[in-house]
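To keep things clear, I will list the structure first and then write my remarks on it.
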Protein chains: 4
Amino acid sequence: MPATTDSATGDHGYISDKDRYLARLKRIEGQTRGIHRLVSEDTYCIDILTQISAITSALNNVALGLLDDHLKHCVVGAVQGGGAEADAKIREASDAIARLVRK
Amino acid sequence: MPATTDSATGDHGYISDKDRYLARLKRIEGQTRGIHRLVSEDTYCIDILTQISAITSALNNVALGLLDDHLKHCVVGAVQGGGAEADAKIREASDAIARLVRK
Amino acid sequence: MPATTDSATGDHGYISDKDRYLARLKRIEGQTRGIHRLVSEDTYCIDILTQISAITSALNNVALGLLDDHLKHCVVGAVQGGGAEADAKIREASDAIARLVRK
Amino acid sequence: MPATTDSATGDHGYISDKDRYLARLKRIEGQTRGIHRLVSEDTYCIDILTQISAITSALNNVALGLLDDHLKHCVVGAVQGGGAEADAKIREASDAIARLVRK
């Protein structure tokens, strides 16, 4: 999975199926814009909360996908490279996981 | 986004300090647009995850604020009105809380 | 808040179907004891994590049930009683919800 | 609870500082027993919820610690061993992370 559709110049071209992520993020951006409209129109609170839960779920899924890519590419690469780099990558990953779990 | 601005004219004008919510949601929308850019630029995954955690935190805070407003206004109003309406409102609130907690 | 061991006389006898909660909590206690055994026996980490997720889910469900009971009984009662008591109860409920959501 | 105590003899002796985990899990077990008592004594619901949040936080911390150990030992070992084993370990880890995040 070498890839990198256009940002071939990026240092971290590890994201598999980047177009799919970008499409999902576009959708999430539209959903947050939708929440703004719902609040400005005094939509019933419970309906707004349902939308917010949908967005946080979608964001969590993006995060979990990126994390999986990270483990598969960056962490594996660092381990194969050996040395302190691998330890540092795993520490970073663990910290990111903790932030996702604790929210 | 025409909106009513004056919550007094809304159907569910229960949201306290609506302008503050709208400003926070604008900021969250900008942050999700930022994630899209980070992915398209192949930014280092861990930095993207940090941003996503910040957005889900911000969305959770909006949701918790709206829920508090909901309890204070809709639920209290329904209880004062009496009858089955109050039960229905509390059931809805409990379901929304469960969605937020389980994500 | 004087408290009283006998649930029949308790100040907060609001918990519906208390026996069911107690049975669920007994099961959760057994599950946490099970985790201790799994760790002491060097069980494969992923299997331990699966068990921990099951316990936190079960605890969240207990919490959501208690919260629903709380809204239905304490909050409704306080609103019907009127005055500052209702505000205080709702503030407490919102704080508890925030703790559950943020974890 | 016979157990092996000495992690060196375990199949998956990857858990660093096992005694510390065991002590934390003993404490968590005691806390769940405490929740049972609080419910049976009709303790004020909000106080029970506070305790439940403390337990789920403590369990999350144990899970995050075990996951970090897993990445550092099992995943790194599998990557060094090479082949499909590493992919399988990472897939398992990602699934476990998803369960923790989604709860």
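Surface composition of the protein assembly as shown: carbon and sulfur make up 48 percent of the accessible area, probe 1.4 Å. In the assembly of identical copies, C:R27 has its label point, taken 7 Å from Cα in the direction of the beta carbon, separated from the corresponding points by 2.8, 3.4, 4.3 nm (ascending, one decimal).
Label point of D:D95 (7 Å along Cα→beta-carbon): distances to the other copies' equivalent points are 3.0, 3.2, 4.2 nm, sorted ascending. Sorting B:D68, C:D69 by solvent-accessible area of protein heavy atoms yields B:D68, C:D69, largest first, with a 1.4 Å probe.
Taking a ≥ b ≥ c as the square roots of the eigenvalues of the alpha-carbon gyration tensor, the stretch B:52-103 is classed oblate because a/c is 1.5 or more while a/b is no larger than b/c.
Need one word for chain D: rounded, prolate or oblate. Basis is the Cα gyration tensor (sqrt eigenvalues a ≥ b ≥ c); a/c below 1.5 gives rounded, then a/b vs b/c decides.
Oblate shape, in that a/c is at least 1.5 and b/c is the bigger or equal ratio.
Per residue, the stretch C:16-101 exposes 37 Å² of accessible surface when a 1.4 Å probe is rolled over the protein heavy atoms with every protein chain present. Over the stretch D:16-101, what is the relative contact order in whole percent, taking alpha-carbon pairs under 8 Å and six or more residues apart? Across the stretch D:16-101, relative contact order equals 24 percent. Classification of the protein assembly as shown by its C-alpha gyration tensor yields an oblate form. The axis ratio a/c (a ≥ b ≥ c) is 1.5 or more, and b/c is at least a/b.
Taking all protein chains as shown and a probe of 1.4 angstrom, A:R91 keeps an accessible surface of around 140 Å².
The magnitude of the dipole of the protein assembly as shown, with charges of +1 and -1 set on the Cβ of Lys/Arg and Asp/Glu and taken from the Cα centre, is near 40 debye. The phi torsions of the stretch D:80-86, fed into the Karplus equation with coefficients 6.51, -1.76 and 1.60 and a -60° offset, translate into couplings of 5, x, x, x, 5, 3, 5 Hz, rounded to whole numbers, with Gly and Pro shown as x. Pairing chains C and D buries close to 4700 square angstrom of accessible surface in total, based on protein heavy atoms and a 1.4 angstrom probe. Ordering C:T56, C:S16, C:L67 by the projection of their Cα atoms onto the charge dipole of chain C, which places +1 on the Cβ of Lys and Arg and -1 on the Cβ of Asp and Glu, puts C:T56 at the extreme positive end.
Karplus-based coupling profile of the stretch A:58-71, in residue order and whole Hz: 4, 5, 4, 5, 4, 4, 5, x, 5, 5, 4, 4, 4, 4, with θ = phi - 60° in 6.51 cos²θ - 1.76 cosθ + 1.60 and x standing for Gly or Pro. Note on C:R37/A:D87: beta-carbon distance plugged into 1/(1 + (r/R0)^6) with R0 of 35 Å gives a FRET efficiency of 0.70. Bridging of C:K103 to aspartates and glutamates at a Cα separation below 15 Å is possible for C:D95, once same-chain residues fewer than 8 apart are set aside. Summary for C:S16: label point 7 Å along Cα→Cβ; distances to the equivalent points in the other copies, ascending, 2.8, 4.6, 4.8 nm.
The values are calculated or read from the model by the stated rules, or taken from the named source; none is laboratory data. Fair warning: this is a prediction, and the values are worked out from it, not measured in the lab. Virtual Cβ from ideal backbone geometry, glycine too; neighbours counted across all protein chains shown. Surface accessibility is based on the protein's heavy atoms, side chains included, excluding ligands, DNA and RNA. Shrake-Rupley method; radii C 1.70, N 1.55, O 1.52, S 1.80 Å.
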